[in-house]
Amino acid sequence: MSPRRSYPHRSVRESGQRGVPALIAAPALVAFAFLLLPLAALLVRAPWRGLGRLLSESDVLTALRLSLECATAATIAALVFGVPLAWVLARMRFPGLGLVRALVTLPLVLPPVVGGIALLLALGRNGIVGRHLDEWFGITLPFTTAGVIVAETFVAMPFLIVTVEGALRTADRDIEEAAVTLGASRLTVFRRITLPAIGPSLVAGSILCWARALGEFGATITFAGNLPGTTQTMPLAIYEAFEHDPEAAIALSLVLLLVAVIVLVALRDKWLRGPASL
């Protein structure tokens, strides 16, 4: 019997560090440049000298505060209602599940302005639900701060649902079933086992949801309007400033960009990294 030959072992990570094929590297560089160029142009053209004065204006601070508060409230609403819906989509089996999943993810591809019109038809004063909210409870959502939160939740919650649903589908259910056989209730299993297991995906989905809500424009201006101090978020303030003061619009865009980058960079290494970086 001939002796077994030993071959040098190379891990996947080591082989991946040797180089990237040209057919992959070239389009990758083009994609990176395409995504980086507009941001670089924003930084180059930003009026750095007048940035401090602009940021000290009360209207800008109000719009920034409103953006942060509404995006955070929309994310909380998405967590409260979106996580249970993601669990239903991932764990339940019923006729029409595919249709329900498609409808839930529809806002991802729906033009935001169309979403705003749909919200008006549903929750406006003459909407199919909004008229009853106004008559029975005196609740009016359009052109209010609450309307901003509703619009942002509508367009951003699917990001959370898709992320959490994927995590729930791949989660190990044997531990959950073992806990049930030992007497734990389904709610306890969900709270003590399922949620910690999908924690990173839950946080990642929340970050994506928050970032999408922070930058929402179309549905907000259609459903909630552009009222300074009430519904004018930073994207709406940028749009208004761009019509009469382009430099101010660039500066405001830079502020919104910096806020988003700070949040994403601060949390990316901990919550948004893939298995290769573990």
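The values are calculated or read from the model by the stated rules, or taken from the named source; none is laboratory data. Given the structure is predicted, the values throughout are model-derived calculations rather than measurements. Reconstructed Cβ throughout: ideal geometry from the backbone, glycine too, with neighbour counts over all protein chains shown.
Filter region 127-145 down to residues that are polar (S, T, N, Q) and either assigned to a helix (DSSP H, G or I) or farther than 13 Å from residue 223 by Cα (or both), then give me how many there are. It would help to see each step written out before you state the result.
Filtering region 127-145 down to residues polar (S, T, N, Q) leaves 140, 144-145.
Adding the requirement that they be either assigned to a helix (DSSP H, G or I) or farther than 13 Å from residue 223 by Cα (or both) leaves 145.
Final tally of qualifying residues: 1.
Filter region 130-181 down to the residues that are of a type in the set (S, T, N, Q) and closer than 27 Å to residue 110 by Cα and list them by number. Full working, then the answer.
Kept after step one, since they are of a type in the set (S, T, N, Q), are these residues of region 130-181: 140, 144-145, 153, 163, 170, 181.
Answer for region 130-181, where residues must be of a type in the set (S, T, N, Q) and closer than 27 Å to residue 110 by Cα: 140, 144, 145, 153, 163.
Condition test on residue 267, is it of a type outside the set (D, E, K, R), modelled with pLDDT under 90, under 24 Å from residue 42 (Cα atoms) and surrounded by 21 or more Cβ atoms within 10 Å (Cβ to Cβ)?
On the way: of a type outside the set (D, E, K, R): yes; modelled with pLDDT under 90: yes; under 24 Å from residue 42 (Cα atoms): yes; surrounded by 21 or more Cβ atoms within 10 Å (Cβ to Cβ): no.
For residue 267, the condition - of a type outside the set (D, E, K, R), modelled with pLDDT under 90, under 24 Å from residue 42 (Cα atoms) and surrounded by 21 or more Cβ atoms within 10 Å (Cβ to Cβ) - is not met.
Somewhere in region 149-158, is a residue over 24 Å from residue 97 (Cα atoms), surrounded by 15 or more Cβ atoms within 10 Å (Cβ to Cβ) and more than 23 Å from the chain's Cα centre (by Cα)?
Residues of region 149-158 that are over 24 Å from residue 97 (Cα atoms), as a first pass: 149-152.
Okay, now just the ones that are also surrounded by 15 or more Cβ atoms within 10 Å (Cβ to Cβ), so 149-152.
From what is left, the residues that are more than 23 Å from the chain's Cα centre (by Cα) are none.
Looking for residues that are over 24 Å from residue 97 (Cα atoms), surrounded by 15 or more Cβ atoms within 10 Å (Cβ to Cβ) and more than 23 Å from the chain's Cα centre (by Cα), one finds none in region 149-158, hence no.
Within region 186-195, can you find the residues that are surrounded by fewer than 12 Cβ atoms within 10 Å (Cβ to Cβ) and out of contact with any helix residue (DSSP H, G or I) (no Cβ under 9 Å at 6 or more places or on another chain)?
Selection gives 187 alone.
Here's the yes/no breakdown for (1) closer than 30 Å to residue 146 by Cβ; (2) in a helix (DSSP H, G or I); (3) aliphatic (A, V, I, L, M):
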| position | (1), (2), (3) |
| --- | --- |
| 31 | no, yes, yes |
| 37 | no, yes, yes |
| 68 | yes, yes, yes |
| 81 | yes, yes, no |
| 84 | yes, yes, no |
| 89 | yes, yes, yes |
| 102 | yes, yes, yes |
| 106 | yes, yes, yes |
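Do you know which residues across region 232-251 are small (Gly, Ala, Ser) and more than 26 Å from residue 147 (Cα to Cα)? Break it down stepwise before answering.
Taking region 232-251 first, the residues small (Gly, Ala, Ser) are 237, 241, 248-249, 251.
248, 251, listed by residue number.
Give 23, 64, 79 a once-over and let me know the one that is at pLDDT 75 or above and closer than 30 Å to residue 190 by Cα.
Details: 23 fails: closer than 30 Å to residue 190 by Cα; 64 fails: closer than 30 Å to residue 190 by Cα.
Step by step, each of 23, 64, 79 is checked, and only 79 is at pLDDT 75 or above and closer than 30 Å to residue 190 by Cα.
Could you list, in sequence order, all residues of region 196-229 that are surrounded by fewer than 19 Cβ atoms within 10 Å (Cβ to Cβ), of a type in the set (A, V, I, L, M) and without any contact (Cβ under 8 Å) to a residue 40 or more places away in the chain?
197
Give region 129-148 a look and list any residue that's loosely packed, with under 13 Cβ neighbours inside 10 Å and either under 25 Å from residue 228 (Cβ atoms) or touching a helix residue (DSSP H, G or I) at 6+ places or on another chain (Cβ under 6 Å) (or both), or say none.
The first filter runs over region 129-148 and keeps only residues loosely packed, with under 13 Cβ neighbours inside 10 Å, leaving 129, 132, 135-138.
Across region 129-148, the qualifying residues are 129, 138.
Quick one: how many residues across region 213-265 are more than 16 Å from the chain's Cα centre (by Cα) and in a helix (DSSP H, G or I)? Can you show your working first?
Filtering region 213-265 for residues more than 16 Å from the chain's Cα centre (by Cα) gives 221-234, 236-255, 258.
Of the ones still in play, those that are also in a helix (DSSP H, G or I) are 221-223, 234, 236-244, 246-255, 258.
Final tally of qualifying residues: 24.
For region 108-126, give me the residue count where each residue is farther than 14 Å from residue 216 by Cβ, touching a helix residue (DSSP H, G or I) at 6+ places or on another chain (Cβ under 7 Å) and in a loop (DSSP other than H, G, I, E, B). Full working, then the answer.
Just the residues of region 108-126 that are farther than 14 Å from residue 216 by Cβ, to begin with: 109, 117-118, 120-126.
Keeping just the survivors that are touching a helix residue (DSSP H, G or I) at 6+ places or on another chain (Cβ under 7 Å) gives 117, 120, 122-125.
Right, trim to in a loop (DSSP other than H, G, I, E, B) and you get 124-125.
Going through region 108-126 one residue at a time, the tally reaches 2.
Look at residue 204 and say whether it is within 23 Å of residue 67 (Cβ to Cβ), part of a helix (DSSP H, G or I), modelled with pLDDT of 90 or more and of a type in the set (Gly, Ala, Ser).
Details: within 23 Å of residue 67 (Cβ to Cβ): yes; part of a helix (DSSP H, G or I): yes; modelled with pLDDT of 90 or more: no; of a type in the set (Gly, Ala, Ser): yes.
The answer is no for residue 204.
Go through (1) closer than 30 Å to residue 43 by Cβ; (2) touching a helix residue (DSSP H, G or I) at 6+ places or on another chain (Cβ under 6 Å); (3) aliphatic (A, V, I, L, M) and name the single condition residue 157 misses.
Residue 157 satisfies every listed condition except (1).
Which of (1) modelled with pLDDT of 90 or more; (2) over 18 Å from residue 90 (Cβ atoms); (3) in a helix (DSSP H, G or I) is the odd one out, the single condition residue 188 does not satisfy?
Status for residue 188: all satisfied but (1).
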